[in-house]
Amino acid sequence: MKTENPQSFAGKTALITGAGRGIGRAIAQLLGQRGAAVLLQDIDGAAIEQSVAEFGKEGIHARGFVSDVSDVDATLHTIGEALASVDILVNNAGISGQEAEFSGIDVANFDRMMNIHVRGAFFLTQRIVPYMAARHHGRIINMASNRGMVGYHRSSHYCAAKAALLGLTKAWAREFAPHGILVNAVAPGVVFTEMNTWNGMDPLHEEASWNLLKRWAEPVEIAYLVAHLASDEAAFITGQVISPNGGDPIVGI
Ligand SMILES: NC(=O)c1ccc[n+]([C@@H]2O[C@H](COP(=O)([O-])OP(=O)(O)OC[C@H]3O[C@@H](n4cnc5c(N)ncnc54)[C@H](O)[C@@H]3O)[C@@H](O)[C@H]2O)c1
């Protein structure tokens, strides 16, 4: 066992997709505060620019990359040689299902959902894993959702995309373990980000009443779990789905 601070990421590089705002930004900030060099990827150039500038003032070593994660070639090209340095990959970029009724989900909506959550994560991971394997060390954390485990009565394409990430997590955990790479999924309940406030939904209303703590999570509460999974303290955890959901629902045995 190492004796130095296991929560320090000094000397490590983390790539977080969808890091311009919300949960991804909170993860990048926390890992950066704990010493990681952070690579922030997002489709929103202004958000990336602002986050990188703000993190710089905190003394965090941050770089930004602007691309659509579902555009595999563009994303790999944009991040370029920095891909080789990634020790911690957080596949976080995502869009909400915007409470879509089943009958209203068209082919374009469906493909976009799958392409961002599944194709984007798949091919970015595929490119980075050989570098991690060469160092015999890596951490991959897939941002799934409570809804990918228990379903939801609207947004079935979102639930399907998140369930696909759980399948990838388990398959990759098996496939990459011999190379020293641990793979886990974080499946949050409802979190206080723009993903949930886009339609004016009140954080104290509806979904908050479904969990035992009667509130939404703050993004940093999800980041704390990601930081744990990325740390040396989580060296025996792989292939798992951990759901910070305030007890909504309590699943499994
Ligand atoms: N907020 C929640 O309640 C909640 C719950 C469970 C899971 N999640 C998941 O957590 C992740 C982050 O969600 P959030 O709540 O922070 O949402 P958010 O909308 O606040 O942030 C998502 C970020 O992803 C970026 N993004 C969207 N499409 C992209 C693309 N094609 N390429 C690159 N970046 C893209 C956005 O620009 C944004 O910065 C998502 O995968 C989401 O599905 C969120």
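The values are calculated or read from the model by the stated rules, or taken from the named source; none is laboratory data. Just so it is clear, the model here is predicted, and its values are computed rather than measured. Glycine also receives a Cβ, built like all others from the backbone with ideal geometry; neighbour counts cover every protein chain displayed.
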Task: Residue among ASP87, ASP42 that alone is charged (D, E, K, R) and over 26 Å from ASP232 (Cα atoms) - done: ASP42
Open item on the list: Checking GLN29 against (1) within 15 Å of the ligand (Cβ to nearest atom); (2) surrounded by fewer than 24 Cβ atoms within 10 Å (Cβ to Cβ); (3) farther than 16 Å from ILE222 by Cβ, only one condition comes out false. Which one?
Closed with: (3)
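With in contact (Cβ under 8 Å) with a residue 24 or more places away in the chain, crowded, with 17+ Cβ neighbours inside 10 Å and farther than 22 Å from ILE79 by Cα as the only criterion, which of GLY148, GLY138 stands out? Write out each step before concluding.
On the way: GLY138 fails: farther than 22 Å from ILE79 by Cα.
Every option except GLY148 fails the conditions.
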Open item on the list: If I filter segment 55-71 for residues that are β-branched (Val, Ile, Thr), touching a residue at least 40 places away in the same chain (Cβ under 8 Å) and touching a Ser or Thr at 6+ places or on another chain (Cβ under 7 Å), do I get at least one hit?
Closed with: yes
Task: Residue count for segment 45-65, restricted to those that are closer than 17 Å to GLY11 by Cα, surrounded by fewer than 17 Cβ atoms within 10 Å (Cβ to Cβ) and among the aliphatic types (A, V, I, L, M) - done: 0
Task: Per-region count, segment 148-199, residues of a type outside the set (A, V, I, L, M, F, W, C) and within 15 Å of the ligand (Cβ to nearest atom) - done: 18
TODO: Report, ordered by the first and then the second residue, all pairs with beta carbons closer than 6 Å, sequence separation of six or more or different chains, a first member in segment 2-22 that is under 21 Å from VAL118 (Cβ atoms) and among the β-branched types (Val, Ile, Thr), and a second member that is modelled with pLDDT of 95 or more and part of a loop (DSSP other than H, G, I, E, B).
DONE: ILE16/ASN92; THR17/VAL69; THR17/ASN92; THR17/ALA93
Open item on the list: Tell me the residue from LEU229, LEU182, LEU225 that is within 16 Å of the chain's Cα centre (by Cα), in a strand (DSSP E or B), more than 30 Å from GLU101 (Cα to Cα) and modelled with pLDDT of 95 or more, please.
Closed with: LEU182
TODO: Sort out which residues of segment 74-101 are more than 11 Å from the ligand (Cβ to nearest atom), at pLDDT below 95 and crowded, with 16+ Cβ neighbours inside 10 Å, and write them in order of number.
DONE: ALA100
Task: Given (1) within 20 Å of GLY11 (Cα to Cα); (2) without any contact (Cβ under 8 Å) to a residue 40 or more places away in the chain, index of the condition ALA163 fails - done: (1)
TODO: Report, ordered by the first and then the second residue, all pairs with beta carbons closer than 9 Å, sequence separation of six or more or different chains, a first member in segment 108-121 that is within 11 Å of the ligand (Cβ to nearest atom), and a second member that is among the hydroxyl-bearing types (Ser, Thr, Tyr) and part of a helix (DSSP H, G or I).
DONE: MET113/TYR158; HIS117/TYR158; GLY120/THR75
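Does segment 174-186 hold any residues that are small (Gly, Ala, Ser) and under 14 Å from ALA121 (Cβ atoms), and which are they?
Let us first name the residues in segment 174-186 that are small (Gly, Ala, Ser), namely 177, 180, 185.
The one that is small (Gly, Ala, Ser) and under 14 Å from ALA121 (Cβ atoms): ALA185.
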- [ ] State the number of residues belonging to segment 142-159 that are among the charged types (D, E, K, R), closer than 21 Å to ALA171 by Cβ and outside any helix (DSSP H, G or I).
- [x] 0
TODO: Determine if segment 49-69 includes at least one residue that is among the polar types (S, T, N, Q) and more than 14 Å from the ligand (Cβ to nearest atom).
DONE: no
